Amino acid sequence: MVTFVLAGILLPFLGSLLVLILPRSWVKATSQLVTFAAMLCTLFVLYSLGMTGKVGYTQDLLFFGDIVLYGVIVDKISALLGSVFILFGFLVVVYSGGYLSEKNRDHVEHNGVQRRYYFFLLTFIGAMAGLVMSSTMLGLLAFFELTGVCSWGLIGYYNDEKSLKAALKAIVTTELASVGLFIATAAFFVLTGGFQLSAFATLDDTIKTWLFIGILIAAWGKSAQLPLHFWLPDAMAAPTPISAYLHAASMVKAGVYIFARCLLSAGTVPQVIGVVGVIMAIVTMFYGLLMYFPQKDFKRLLAYSTITQLSYIFFALSLSIFGSATAFNGAIAHVFNHALGKGLFFLVAGAVGFSTGTRLLPNLKGLLKKMPLVGICFAVAALAVTGVPPFNGFFSKFTIFAGGFEAAKNAPLLMILVVIAILETIGSFAWLFWVFSSSVPGDSSAEVAAASDIAPSMKFALVILACLALLSGFFAMAWLK
């Protein structure tokens with residue numbers, strides 16, 4: 001099975017090199033082919049692990065003397081998240097084939113296929129696969145840094161002043177935060193004599209506390225949590241498929257993933273890390289909610305929604321430190337479910353911009369009448385993100401709250417924070433429902449009435465994601481049992 005794991009990691013990297021040298025007319029098809037093949041490999045790994053009882057294992061691959069530099073860990077978490085990151089990556093590549101067009105009224109593509117776009121996107125997909133499967137701190141760090149470089153190239157894709165400033169802000173902020181991970185990795189090597197994550201459990205609580213502080217700082221930066229959140233709304237200058245992949249499905253999940261993987265490897269974790277984690281998550285959660293209200297741009301609204309949803313994941317992971325395995329499973333399920341639900345939401349925003357030339361919410365009315373598929377997908381995405389049953393977000397949010405009640409048995413004050421989180425999710429639902437009711441039903445505004453049709457490849461991605469948003473919640477919770 002390791003062969004398929006490596007294929008899932010390496011095929012996107014191979015594709016990124018091919019798009020630089022192949023004829024321009026081959027770039028789009030090559031990108032779609034390699035990501036489709038990588039998706040099949042990761043889905044096979046998921047299937048094979050399920051057929052063998054979901055018993056995880058580790059394979060060391062790259063050595064320097066006796067020191068393991070990189071290996072892969074195949075378990076329920078890496079197989080589940082690796083599959084969704086690459087599956088969604090494939091759908092974004094397909095969607096991009098129609099979006100990067102001279103028919104795009106939001107950002108017209110005069111030159112057709114862009115090598116640079118696909119080079120960075122494929123490299124990013126490979127980096128996410130390598131990060132999720134890593135069994136070493138060095139592997140986490142290396143792929144964590146590579147995602148930052150790719151995000152810089154993709155956020156600044158349009159090469160105008162706004163995009164370049166946003167790209168610079170993103171890489172400077174996330175790289176400064178990643179100093180925490182650099183220090184944690186170096187200290188980990190000095191203390192354990194290697195990089196294997198399994199050695200985390202051998203450290204004492206004081207050392208674990210300091211290492212997790214560094215890990216949390218890096219994770220907060222990459223996952224746009226207070227006080228390192230400010231780069232994400234400006235990063236909406238990127239092409240919308242990039243916003244969907246980086247800022248809903250993958251890049252922002254790199255931070256929560258390294259925190260989750262280190263928690264799992266460390267065994268017992270000092271509760272002070274849990275206290276810091278839950279407090280910062282609640283503060284970020286409500287900050288994101290308050291920032292919904294002044295937003296007029298569709299994508300900026302989704303950016304603040306992403307900040308809020310990621311705080312749910314940090315909240316649940318921090319709750320798990322107080323002894324709640326349920327909260328941990330809820331966090332992993334929410335990484336999976338949010339990637340699909342919020343990814344769909346961003347691609348809906350991309351379809352609206354493509355067709356109407358605007359993403360300003362006051363100008364978007366009557367989408368269902370003029371663009372039925374986009375209107376339906378808008379509804380599905382909103383219901384999935386806000387956690388309405390039977391859509392996927394409901395299952396992970398419910399599990400997070402159940403885990404909160406479980407953790408509160410050991411630390412009763414946590415009950416207050418769990419209730420606050422429940423109130424936030426009600427507020428998020430109310431606001432997004434208002435946005436939906438203002439934009440989707442009714443007569444079309446002038447901009448929507450003049451909308452053009454979207455490309456077939458964009459419709460394909462929207463339909464697949466809408467189906468997954470309805471069905472994937474059942475699968476994620478069953479898989480994590």
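Just so it is clear, none of the values below were taken in a lab; they were calculated from the coordinates. Computed from a prediction, not measured in an experiment: that's the story for all the values here. Counting neighbours? That spans all protein chains shown, and the Cβs are built from the backbone with ideal geometry, glycine included.
A few points about this structure:
- Couplings 3J(HN,Hα) of segment 447-456, computed from phi: 5, 6, 4, 8, 5, 8, 7, 8, 5, x Hz, in residue order, whole Hz [Karplus 6.51 cos²θ - 1.76 cosθ + 1.60, θ = phi - 60°; x for Gly and Pro].
- Segment 122-159 and segment 8-62 have Cα centres spaced 15 Å apart.
- Residues whose placed amide H lies under 5 Å from that of SER134, excluding near-sequence neighbours: ILE73
- Peptide packing for 21-30, 188-197 was compared via the average number of neighbouring C-beta atoms within 10 Å per residue; ordered from the highest value, the list is 188-197, 21-30.
- The local environment of LEU367, defined by Cβ-Cβ distances under 13 Å, has a net charge of +2 under the rule Lys, Arg +1 and Asp, Glu -1.
- For segment 1-265: relative contact order, % (alpha-carbon pairs under 8 angstrom, 6 or more apart): 19
- Applying 1/(1 + (r/R0)^6) with r as the Cβ-Cβ distance of PHE36 and ASP60 and R0 = 25 angstrom yields a FRET efficiency of 0.30.
- Sparse packing (at most 14 other Cβ atoms within 10 Å of the Cβ) combined with a DSSP loop state is found for the following chymotrypsin sites (Phe, Trp or Tyr not before Pro) in segment 223-270: PHE230.
- Listed values for segment 260-272 are Karplus-derived 3J(HN,Hα) couplings in whole Hz (6.51 cos²θ - 1.76 cosθ + 1.60, θ = phi - 60°), namely 5, 5, 5, 4, 5, 6, 7, x, 7, 10, x, 5, 4, and x replaces Gly and Pro.
- The stretch between ILE422 and PHE474 holds 16.6 nm of extra length on full extension. This uses 0.36 nm per residue minus the Cα-Cα distance.
- For the chain, fraction of C-alpha pairs farther apart than 29 Å, in %: 44
- Degrees separating the helix 161-192 axis from the principal Cα axis of the chain, which is the longest one: 10
- Here segment 372-458 is described by how far its Cα atoms reach on the three principal axes: 58, 25, 15 Å, from widest to narrowest.
- Listed residue (THR386, VAL55, TYR312) projecting farthest to the positive dipole end of the chain, Cβ model: THR386
- Long-range amide H partners of SER101 with built H, under 5 Å: GLU109
- Helix axis angle, 325-356 relative to the chain longest principal axis, alpha carbon, degrees: 20
- On Cα atoms only, tilt of 372-386 relative to the major axis of the chain in degrees: 30
- Globularity index of segment 270-481, i.e. its alpha-carbon radius of gyration over 2.2 N^0.38 Å: 1.06
- Computed on the chain, with alpha-carbon pairs under 8 angstrom and 6+ residues apart, the relative contact order is 15 percent.
- Note that segment 30-41 has calculated 3J(HN,Hα) couplings of 5, 4, 5, 5, 5, 6, 5, 5, 5, 4, 4, 5 Hz, one per residue in order, obtained from phi through the Karplus relation 6.51 cos²θ - 1.76 cosθ + 1.60 (θ = phi - 60°); glycine and proline are x.
- For TYR70, residues with placed amide H under 5 Å, excluding near neighbours: LEU61, LEU62
- Ordered by the count of other Cβ atoms within 10 Å of each Cβ, fewest first, ASP75, ASP60 give ASP60, ASP75.
- In terms of Cα atoms, the Rg and Dmax of segment 1-265 work out to 18.5, 59 Å.
- Under the convention that each Lys and Arg Cβ holds +1 and each Asp and Glu Cβ holds -1, the size of the dipole of the chain around its Cα centre is about 760 debye.
- By the count of neighbouring beta-carbon atoms within 10 Å, fewest first, TRP210, TRP152 end up ordered TRP210, TRP152.
- Segments 305-315, 469-479, 383-393 sorted - mean Cβ within 10 Å per residue, highest first: 305-315, 383-393, 469-479
- Counted by Cβ distance under 14 Å from SER16, the other residues give a net charge of +3, where Lys and Arg count +1 and Asp and Glu count -1.
- Charge tally for GLY387 (other residues, Cβ to Cβ under 13 Å; Lys, Arg +1; Asp, Glu -1): +1.
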